[in-house]
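*Asks:* First the structure, then my questions, so here it is.
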Amino acid sequence: MRSRDFDPGGGGAAPWVFVSPLIAFALIFFVVPLGFSVYLSFTRWNPLGTPSWVGLKQFEYLLTRDDAFWRSVGNTFVFAFGFVALGVPLSLGLAFVFSRSRGKAVWRSIYYLPQLTNIVAIAYLWQFVLDDRYGIINRALGLTGLRGPDWLTDPVMAMVSVVLVMIWYDAGKNMLVFSAALEAVDSEIYDAATLDGAGAWRTLRSVTLPMIRPAFIFVTITSFITGMGFFALILAMTGGGPRGATEVTALYTYTMAFEDLRMGRASAGALILFVIIGVLSLLQFRALRERERRT
Amino acid sequence: MTTVDDVTHPARTGPATRVAAPRPRWRRHAGSVVKYAVLALGAALMILPFADMFVGALRGPADVYANPPRYLPSDPQWGVYARVFRELPMTTWFANSVIVTCIITACQVATSTMAGYALAKYRFAGASPLFRLVVGAQMFPFFLFIIPIFFILRFAPLMGGNDIAGQGGAGLLGTYAALCLPFVVTWYGVFLMRQFFLGIPDDLLEAARLDGASEYRIFRSIMLPLVKPAIATLTLFSFVYHWNEFIWTMTVTRAAPDLQTLPVGIYLLSGAFQTLDQKSLQQAALAVSILPVIVVFLMLQRLFVASNFASGVK
């Protein structure tokens with residue numbers, strides 16, 4: 001798009017009027033907050049007083065002395081990578097069966113149900129299902145004589161549980177993205193592959209997967225970004241517990257801000273997380289694109 | 001299902017099938033059974049927590065205090081749905097959810113159609129930088145904005161008892177504005193509407209201009225009706241998202257119970273649901289918080305074609 005090119009056909013001030021809410025919003029709720037956030041990260045501020053400039057001290061504290069921060073970064077990675085590594089292939093697999101099934105409207109509605117549900121309800125619904133003693137899963141296991149795991153009170157299982165619930169929450173949406181991509185592949189390509197004697201496995205590897213690679217990159221990277229920054233589910237489901245085992249960085253900085261009232265340090269933590277997400281997304285994007293060029 | 005379909009679709013067949021010839025009927029049959037078995041199993045898992053909630057809501061004290069506690073309610077307590085409205089501030093939460101969701105959705109549709117139209121149909125100096133902003137801003141995660149926006153609203157000059165420097169009062173915190181303002185524009189919505197307006201031929205615009213229609217008239221009377229399907233899609237997405245929005249609303253209404261929405265109210269009251277027979281009350285409240293979205297979704301579902309999902313992919 002050429003930026004210095006005025007439409008000779010007219011318009012005049014009209015386009016500016018149309019975008020004026022967008023510009024006002026971008027200033028007040030995007031540019032200013034970002035700048036304010038960066039400023040705050042160089043200060044110490046309990047909102048009852050005024051911010052005092054401390055330079056890079058907050059970053060230094062978080063990166064070199066705060067074990068809880070590093071633990072939260074580790075938890076964030078486990079959560080995000082677990083979500084992507086298990087969730088994306090699962091959605092792709094579901095898309096394969098969904099896109100060649102009948103009764104799509106019904107399947108779609110069912111698989112999309114979690115996406116329509118507020119995150120508090122999702123957290124509590126699963127708390128009920130996973131309850132150590134009264135939950136339906138451990139009751140069912142109990143009937144067979146097995147003792148079910150402590151889904152939400154054991155530190156390792158709690159992380160497993162929140163990852164599984166996150167996958168459950170997002171599977172339907174990603175399934176629909178993948179199935180849209182699968183349906184967009186021209187059936188003549190499949191016919192050609194068949195004529196050339198390509199078997200099913202070969203067709204999958206050399207035709208289908210390359211054709212849906214843009215969707216694959218899109219889903220992988222958006223899922224990764226979502227997983228790295230998502231904390232509403234964990235807040236409502238485990239509150240970051242037991243003993244910090246599911247405390248991800250976004251939740252850690254949120255609690256730091258609104259419970260400990262350390263606005264400066266929390267802003268610094270949020271910026272560090274943002275930079276980590278940005279760098280890793282870029283690396284992923286490069287890697288996935290690279291493989292595309294080679295195939 | 002045609003034979004060609006069966007042969008060419010790879011997901012059905014295992015790695016062992018390398019021949020292009022049609023498979024025997026029993027194998028095709030088996031593939032079909034596996035396909036629907038997988039879909040049904042997944043669907044059962046999707047529904048399980050919801051079913052668990054509806055069953056749980058109907059349990060009475062006799063069931064939860066039985067030894068061992070009964071899973072299926074012996075005497076379904078349908079009155080629990082009246083109780084949630086009697087014993088919890090459900091009416092306030094519900095009204096707030098409706099008010100906030102409707103305001104935000106209306107604002108988002110208005111700002112997205114206007115901005116999307118300008119970015120698609122006018123060549124003006126702002127078009128290119130603004131479009132780049134709209135695409136780029138989507139990359140910024142929401143957690144980055146919680147702290148700064150909270151204080152921008154808190155220190156809004158001349159609002160809520162504040163002086164010109166933003167000191168002295170509570171600012172916009174504790175008002176509906178605090179819940180709605182940070183969401184009146186959606187980058188995704190602007191992007192979506194721009195893509196739809198791009199698909200509308202310029203000739204229409206030129207013809208209307210030759211007829212002497214003003215730019216605003218053209219937008220309102222000619223362009224808007226043409227993008228109704230996109231408006232419906234955006235309405236649905238906005239409604240679902242903001243009915244369910246939790247973190248922001250909780251942050252600004254923690255101290256303002258009159259402004260809490262359904263998810264926030266239920267979350268902040270969770271301490272009150274500790275005893276076993278109050279759990280059914282909580283489950284009923286959750287059911288009430290979920291149902292309106294499902295109703296809206298089922299009403300608008302035909303608009304909700306899979307292609308909408310693909311728009312962000314390319």
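The values are calculated or read from the model by the stated rules, or taken from the named source; none is laboratory data. Quick caveat, the model's predicted, so the values are computed rather than measured. Methodologically, a virtual Cβ is constructed for each residue, glycine included, from the backbone with ideal geometry; neighbour enumeration extends over all protein chains shown. Surface accessibility is based on the protein's heavy atoms, side chains included, excluding ligands, DNA and RNA. Shrake-Rupley method; radii C 1.70, N 1.55, O 1.52, S 1.80 Å.
*Asks:* Can you give the accessible area of B:K279 in Å² (nearest 10), computed on protein heavy atoms with a 1.4 Å probe?
*Replies:* Probe radius 1.4 Å; accessible area of B:K279 about 60 Å².
*Asks:* Percent of Cα-Cα pairs more than 37 Å apart in the protein assembly as shown, please.
*Replies:* 42
*Asks:* Here's a follow-up. Mind running the shape call on region B:148-291? Use the C-alpha gyration tensor, a ≥ b ≥ c as the square roots of the eigenvalues: rounded below 1.5 for a/c, prolate if a/b tops b/c, oblate otherwise.
*Replies:* Because a/c hits 1.5 or more and a/b fails to exceed b/c, region B:148-291 counts as oblate.
*Asks:* Tabulate in residue order the Karplus-calculated ³J(HN,Hα) for region B:130-139, using 6.51 cos²θ - 1.76 cosθ + 1.60 with θ = phi - 60°, rounded to whole Hz; enter x for Gly and Pro.
*Replies:* Ordered by residue, 3J(HN,Hα) equals 5, 5, 4, 4, 4, 6, x, 5, 5, 7 Hz.
*Asks:* Still on this structure, please answer the following. Which value, in Å² rounded to 10, gives the accessible area of B:D211 with a 1.4 Å probe and all protein chains present?
*Replies:* About 140 Å², rounded to the nearest 10.
*Asks:* Continuing with this model, one more query. Given the rule -39500 (n - 2.57) for each run of at least 4 DSSP H residues, summed and divided by the residues of chain B, what is its mean residue ellipticity at 222 nm, to the nearest 500 deg cm²/dmol?
*Replies:* My calculation for chain B gives -19500 deg cm²/dmol from helical runs alone.
*Asks:* Could you give the length gained by full extension between B:L198 and B:Y65, i.e. 0.36 nm per residue of separation minus their alpha carbon distance, to one decimal place?
*Replies:* Fully extending the segment from B:L198 to B:Y65 adds 41.6 nm.
*Asks:* In deg cm²/dmol and to the nearest 500, what is the mean residue ellipticity at 222 nm of chain A if only DSSP H runs of at least 4 residues count, each as -39500 (n - 2.57), divided by the residue total?
*Replies:* -22000 deg cm²/dmol
*Asks:* Over the whole of A:220-228, what's the average partner chain Cβ count within 10 Å per residue? Rounded to a whole number, please.
*Replies:* The per-residue average across the peptide is 1.
*Asks:* If you don't mind, another one. Suppose a student asked you for the relative contact order of region A:131-243, using Cα pairs under 8 Å spaced at least 6 residues apart; what percent would you report?
*Replies:* 29
*Asks:* Moving to a separate point now. Express the carbon and sulfur contribution to the solvent-accessible surface of chain A as a percent, rounded to the nearest whole number, probe 1.4 angstrom.
*Replies:* 64
*Asks:* Which whole number gives the average, over all residues in B:111-123, of C-beta atoms from other chains lying within 10 Å of the residue C-beta?
*Replies:* Going residue by residue through B:111-123 and averaging, the value is 6.
*Asks:* Then there is this: What's the ranking of A:49-59, A:104-114 by average number of surrounding C-beta atoms within 10 Å, highest first?
*Replies:* For the peptides A:49-59, A:104-114, the packing ranking is A:104-114, A:49-59.
*Asks:* Can you give the mean number of other chain Cβ atoms that lie within 10 Å of the Cβ atoms in peptide A:265-272?
*Replies:* So the per-residue partner count for this stretch is 2.
*Asks:* A further question follows. From Cα pairs below 8 angstrom and at least 6 apart in sequence, can you work out the relative contact order of chain B, rounded to a whole percent?
*Replies:* It rounds to 24 percent for chain B.
*Asks:* A further question follows. Label-point separation (nm) for A:D132 and B:A37, each offset 7 Å from Cα along Cα-to-Cβ?
*Replies:* 3.6
*Asks:* Provide the per-residue ³J(HN,Hα) series for region B:218-228, in order, calculated from phi with Karplus coefficients 6.51, -1.76, 1.60 and θ = phi - 60°, each as a whole number of Hz, with x at glycine and proline positions.
*Replies:* Listing the rounded values in order: 4, 4, 6, 9, 10, 6, 3, x, 6, 10, 3 Hz.
*Asks:* Separate question: Label chain B by shape, choosing from rounded, prolate and oblate, from the square roots a ≥ b ≥ c of the eigenvalues of the Cα gyration tensor; if a/c is under 1.5 it is rounded, and otherwise prolate applies when a/b is larger than b/c, oblate when it is not.
*Replies:* Note, shape of chain B comes out oblate.
*Asks:* Taking amide H positions as placed in the peptide plane 1.01 Å from N, state which residues far from A:T43 in sequence (5 or more) or on other chains have amide H under 5 Å from it.
*Replies:* A:V54
*Asks:* Provide the per-residue ³J(HN,Hα) series for region B:271-288, in order, calculated from phi with Karplus coefficients 6.51, -1.76, 1.60 and θ = phi - 60°, each as a whole number of Hz, with x at glycine and proline positions.
*Replies:* Once rounded to whole Hz, the list reads x, 7, 9, 7, 6, 4, 7, 7, 4, 5, 5, 5, 5, 5, 4, 4, 4, 5.
*Asks:* Please sort through the DSSP H helices of chain A and keep those with an alpha-carbon extent of at least 18 Å along the long axis and a Kyte-Doolittle average not below -1.0.
*Replies:* Qualifying helices: A:14-26, A:67-99, A:155-184, A:213-229, A:263-294.
*Asks:* Roughly how big is the protein assembly as shown's charge dipole about its Cα centre, with Cβ charges of +1 (Lys, Arg) and -1 (Asp, Glu), in debye to the nearest 20?
*Replies:* 1220
*Asks:* Compute the distance in nm between two label points, each set 7 Å from the Cα along the Cα-to-Cβ direction, one at B:R83 and one at B:Q274.
*Replies:* Result for the modelled spin labels: 1.9 nm.
*Asks:* Still on this structure: In Å, the Kirkwood hydrodynamic radius of region A:57-294 over pairs of distinct alpha carbons?
*Replies:* Computed over region A:57-294, the radius equals 20.0 Å.
*Asks:* Convex hull volume of the Cα atoms in region A:1-128, per residue, in Å³?
*Replies:* Looking at region A:1-128, the number lands at 315 Å³ per residue.
*Asks:* Could you tell me which residue out of A:S281, A:A270, A:A257 lies farthest along the dipole of region A:237-292 toward its positive end? Charges go on the beta carbon: Lys and Arg +1, Asp and Glu -1, centred on the Cα centre.
*Replies:* Working it through, the farthest residue towards the positive pole turns out to be A:S281.
*Asks:* Dipole of chain A, Cα-centred, from +1 at each Lys and Arg C-beta and -1 at each Asp and Glu C-beta, to the nearest 20 debye?
*Replies:* 260
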